[in-house]
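One structure is given here, and the rest of the page talks about it.
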Amino acid sequence: VQLQASGGGLVQSGGSLRLSCVASGIISDIYPMGWYRQPPGQQRELVARIWSGTTTTYADSVKGRFTISRGNAKNTVDLQMNNLTPEDTAVYYCNYNDLYKNYWGQGTLVTVSS
């Protein structure tokens, strides 16, 4: 499984960005896809995760601002990020977990200026 993320960039506080991730290989929608982030000097943390259908989970810090969605083909996952703040600045990683292994994308940098 390989994951390719895109959509990061520089945005002003209050702005929006949309991250996209495409997975290649054997993907099953019974396993979750998600987004993690690693702020400068900090550990990687879960941002949002989605299972088949509409079952989702979000970090408290992004609830109400970020929305995760999975494509009909189940091998894509997007993260719509609204009302961004400087605290959202981080490298964002796409993730797929099939219970045997965690797969990671290459990371995409999101920088929010104040």
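Quick note: the coordinates plus some simple rules give every number you see, no bench work behind them. These numbers come from a predicted model, not from an experiment. Virtual Cβ from ideal backbone geometry, glycine too; neighbours counted across all protein chains shown.
So between Asn102 and Thr54, what do we pick up on full extension, going 0.36 nm a residue minus the alpha carbon distance?
Numbers: separation 48, 0.36 × 48 = 17.28 nm, distance 2.11 nm.
Stretched fully, the Asn102-Thr54 segment lengthens by 15.2 nm.
If amide hydrogens are placed 1.01 Å from N in the peptide plane, which non-local residues have theirs closer than 5 Å to the one on Gly107?
Ala5, Cys94
What is the extension gain from Lys74 to Asp29, computed as 0.36 nm multiplied by their sequence separation minus the C-alpha to C-alpha distance, in nm to one decimal? Mind dumping the intermediate values first?
Details: separation 45, 0.36 × 45 = 16.20 nm, distance 0.57 nm.
Contour length minus the Cα-Cα distance gives 15.6 nm.
Amide H neighbours of Val47 under 5 Å, at least 5 residues apart or on other chains, H built in the peptide plane: list them.
Trp35, Tyr36, Arg37
Rounded to the nearest 20 Debye, what is the dipole magnitude of the chain about its Cα centre when Lys and Arg each give +1 and Asp and Glu each give -1 at the C-beta?
In debye, rounded to 20, the chain gives about 100.
I need the trypsin sites (Lys or Arg not before Pro) found in region 11-114, filtered to DSSP loop residues with at most 13 other beta carbons within 10 Å of theirs.
Lys63, Lys101
May I ask which residue of Gly34, Phe66, Asn82 lies farthest towards the positive end of the charge dipole of the chain, with charges of +1 (Lys, Arg) and -1 (Asp, Glu) on Cβ and the Cα centre as origin?
Value: Gly34.
Starting from the alpha-carbon convex hull of the chain, give the projected area averaged over all orientations, in nm².
Orientation-averaged projected area of the Cα hull: 6.5 nm².
Could you check the simple spin-label distance between Val22 and Lys63, using points 7 Å along Cα→Cβ, in nm with one decimal?
3.4 nm
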